[in-house]
Amino acid sequence: MSITRRKFLGLTGAATLVATCSPNALTGQTLPNERPDYAPSPDLKKLHALTRQRTSMLGYPINMNYPPPAFFDWRQKLDAAGLNKFSFNSVGDPFKHSHFFFNTHDFERELIERFGAIYGFTHKQVWGFLTNSGTDSNMHGIYIGRTLLKSRTGIMPKIYFTREAHYSIQILRNLMNLEWVVVNTQADGCMDVNDLEQKLKANSDHPALVVATIGTTFKGAVDPVDDIQSKLKGRDSYLHLDAALFGGYLPHTPFADEVLHTQAPDQSARYHSIAVSCHKFFGFPSPAGLFITTQSIFDEFEAQFGKIHDPEYILQTPGTITCSRDAVKPAEFHFFSSESDFSRQAIDAQNMMDNANYLLNEMKTHYAHLEPTRANNLSTIIYFKKPTDRLINRYTLATIGLKQKDQSVPYAHVVVMPHVGKTILNRFLEDLT
Ligand SMILES: *Cc1c(COP(=O)(O)O)cnc(C)c1O
C-alpha cells in the first residue's frame, strides 16, 4: 500500500515538474529574472554594500532610515536585562495573567494602550497585541469579525472589499473560506459606497464583514470609513480597517481623524479593529504589526474562541491564532510608543507630506506626460506611467498594469517614506529625463 502510494506521489511530482519546466526546457530560453544556477555564498561584504544602497529604494512602503540612536540604546538595555539570549516566549494574551511568565507582556500591553490612545480608543477598554506583520493583524481582524458575525446570526458572513485592497486580504479570504463581494471603486481607487449599498442589498441574507483600506497599496486611496459605516447601519456587520502604512503617520497629520476609533459628538465607534505595520512608517527593523480592537469585542470573541480552543494546556484562552510569539519585538517596539518617539514620528510625517508635494509638483511641471497622480492629500504615494526598466531597477520601483479603456497600461509608483528626502528625489527627477 505504502509503495503504491509513494509511486503515485512520485509520478505526480514528476509530472508536475515536466508541466512547469517543459516550455522553457524546450526552447532553451532564459527567463529575464531567472536565478543563476550557482548559489552565491553568504557574504558579509555584500550585506554591508546593501545597507549603503538603502536610501535609493523608492518603490515600496518601507522606511529605510535607521531608527534613532536612542532605540539602539534601548536594545542594549534589553540585552543587558537578558532578553534575546534564551527562549523568552510571549505565548498568550498580554492582557491576562500568564502561567508561562517568561514573556514581555507588560511591554506589549503598555504599547497597545499607548497606540490605542493615539487611535482614540477609550482608555482601559483596549485590547490588542503585537503581531508578526500587517497581514497577521488583518488575519486577526477578519477572523474575529467572522467569528462574531457567525456566532450572532448563525450565518457565515460574506466579505466585502475592493480590488485595490492588499493582496493579503485575498489570501485571507481564501484561507477563511469567505465569499468575496467585490465592491467597485471610484476613479481615485477608493471604495464606491453607492456600489457597496447595492451589494449589501443584494446579499442581505448574510452578515457583512467589510475590510476598508486606509491607504491602498498601489494608489494610496482611502476608503471612506464614515460613509461605509452609515451604509452598514441596521446590518449585522463588522468593519476592519487595514491601515498598514497610513495608520502609522496619519495620527501626526491634520488627517488624524481618518484613523480615529471614535467620533464626536457621542463617541460612537467608527470601526471594530485596526491593523498597522510596524516596519513600514515606523521603521522598526523587523516585520511586525499592531492589531487593536476594543475590550468588549475581544470579550465577545473570546467566549466563542474558548469553545474552539481548549485552554487546559496553557491555562488560558490565548486570544491569538498564533501560539508561541516573539517576546523580543514587543519589548523593542515599545520604544516607538514613547512620547519622545511620537515627536520624532510627527517630524517624519511632516517631511513625508512635504516631500510628496514636492515630487508631485516637480513631476507635473517637468514630466506631465507621465501623468503623475496623487490619489488624495493624505497619501504620500505618487504613481505615474512606467519609466525605463533602468529606473525601475535603480530605484526598486513597484510596477503594476492599470486598466484604461480595456487596456492594461504599465504604471510605477514612488512611496515617499521618511528616508526619501529632496536629495534622492532630485536625483530621481534628473534620471527621469
Ligand atoms: C503592506 C500592506 C499590507 C501587508 O502588510 P505586511 O506588514 O507586509 O504584512 C496590508 N495592507 C496594506 C494596505 C499594505 O500596504
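Computed from the coordinates by the stated procedures, all read-outs in this text should not be read as laboratory data. Remember, it's a predicted structure, so these values are computed and weren't measured experimentally. Cβ: placed from backbone, ideal geometry, glycine included. Neighbour counts: every protein chain shown.
Let me see the P(r) profile for the chain: every Cα-Cα distance counted, bins of 20 Å, each bin given as a percent of all pairs.
23, 52, 25, 1
Going by how many other beta carbons lie within 10 Å of each one, how would you line up SER237, SER41, fewest first?
SER41, SER237
May I ask you to derive the relative contact order of the chain, considering only C-alpha pairs under 8 Å and at least 6 residues apart, and to give it as an integer percent?
21
Averaging the inverse of every distinct alpha carbon separation and then flipping it gives the Kirkwood radius. What is it for region 72-139, in angstrom units?
In region 72-139 this quantity evaluates to 13.5 Å.
Neighbouring Cβ atoms within 10 Å as the yardstick, rank ILE159, ILE400 fewest first.
Listing ILE159, ILE400 from fewest to most nearby Cβ atoms yields ILE400, ILE159.
By DSSP, what percent of the beta bridges with both residues in the chain are antiparallel, rounded to the nearest 5?
Expressed as a percentage, antiparallel bridges in the chain total about 60.
In whole percent, what relative contact order does region 374-433 give with Cα contacts below 8 Å and a gap of six or more residues?
34
What is the order of TRP180, TRP127, TRP74, fewest Cβ neighbours within 10 Å to most?
The most exposed by this proxy come first: TRP180, TRP74, TRP127.
Can you give me the long-range amide H partners of TYR160? Hydrogens built in the peptide plane at 1.01 Å from N, cutoff under 5 Å, separation of 5 or more residues or another chain.
Hits under the 5 Å cutoff: VAL181, LEU209, VAL210, VAL211.
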